[in-house]
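Let me begin by presenting the structure, written as structure tokens, before commenting on it.
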Amino acid sequence: MNIADYKQQLGEHGKDTKLNLSSIFGNVDTSGMTPTQFYGTALALAYSIGYAELTAAVQAEAEGKVEKNVDSAAKLAATLMAMNNVYYRFVHLSTDKQFAKMPAGLRMNAMANPGVEKADFELYSLAVSALNGCGMCIDSHVGVLLKHNISAQAIQQSIKMAAVLNAAATARRIG
């Protein structure tokens, strides 16, 4: 199943989502992202959303367009952000600021060598952080991306991907 097949399974309530999926996956070349950035971000989001049919569709779209290391890095971003976004969202939202002064003590060694370019991994991580609603992580990733000269267009595209893929999973789950 690819994205075109997935779209066919969305009901009338998913009409706008179908159009948005077409727009996003139909304009990879004009997204402001490299194929590694685009498909890595899409994969990281699909793994984070955790809806098997959507994940299979995104994997099918990425097949033959990126190397295996991109898929591994996408899984790493999804996994690490699942942990970091919960922890740092708590630190950010807690009115008791003593927690911001405490060391996190969470292992994140794999971030030092994620298997893809640092900026690409940051883009995957940003999109997942937006999906998970961690403002502190969003600010951190955007800062790193801008220092790596990633365009505002590419950053915005990653967030639009998060929004549309989340809607695509929701539209399918609710029938």
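The table for this structure:
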| item | result |
| --- | --- |
| Residue that is nearest to Ala74 (Cα to Cα) [pool: residues in segment 124-138 that are of a type outside the set (A, V, I, L, M, F, W, C) and open to solvent by less than 10 Å² (accessible area, probe 1.4 Å)] | Tyr124 |
| Test: Thr34 is of a type outside the set (Gly, Ala, Ser), free of Cβ contacts under 8 Å to residues at least 12 places away in the same chain and surrounded by fewer than 23 Cβ atoms within 10 Å (Cβ to Cβ) | no |
| Helices (runs of 4 or more DSSP H) within segment 4-107 that include 3 or more residues within 21 Å of Gln156 (Cα to Cα) and of a type in the set (Gly, Ala, Ser) | 15-26, 35-49, 68-93 |
| Test: residue in segment 46-61 that is within 19 Å of Ala110 (Cβ to Cβ), surrounded by fewer than 17 Cβ atoms within 10 Å (Cβ to Cβ) and of a type in the set (D, E, K, R) | no |
| Some residue of segment 62-85 being open to solvent by 30 Å² or more (accessible area, probe 1.4 Å), touching a residue at least 12 places away in the same chain (Cβ under 8 Å) and under 21 Å from Thr170 (Cβ atoms) | yes |
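The values are calculated or read from the model by the stated rules, or taken from the named source; none is laboratory data. This one's a predicted model, so the numbers in the text were calculated from it and none came from an experiment. When we count neighbours, we look across all protein chains shown, and the Cβ atoms used for this are built from the backbone with ideal geometry, even at glycine. Please note that ligands, DNA and RNA were not included when accessible areas were found on the heavy atoms of the full protein model with its side chains. Shrake-Rupley method; radii C 1.70, N 1.55, O 1.52, S 1.80 Å.
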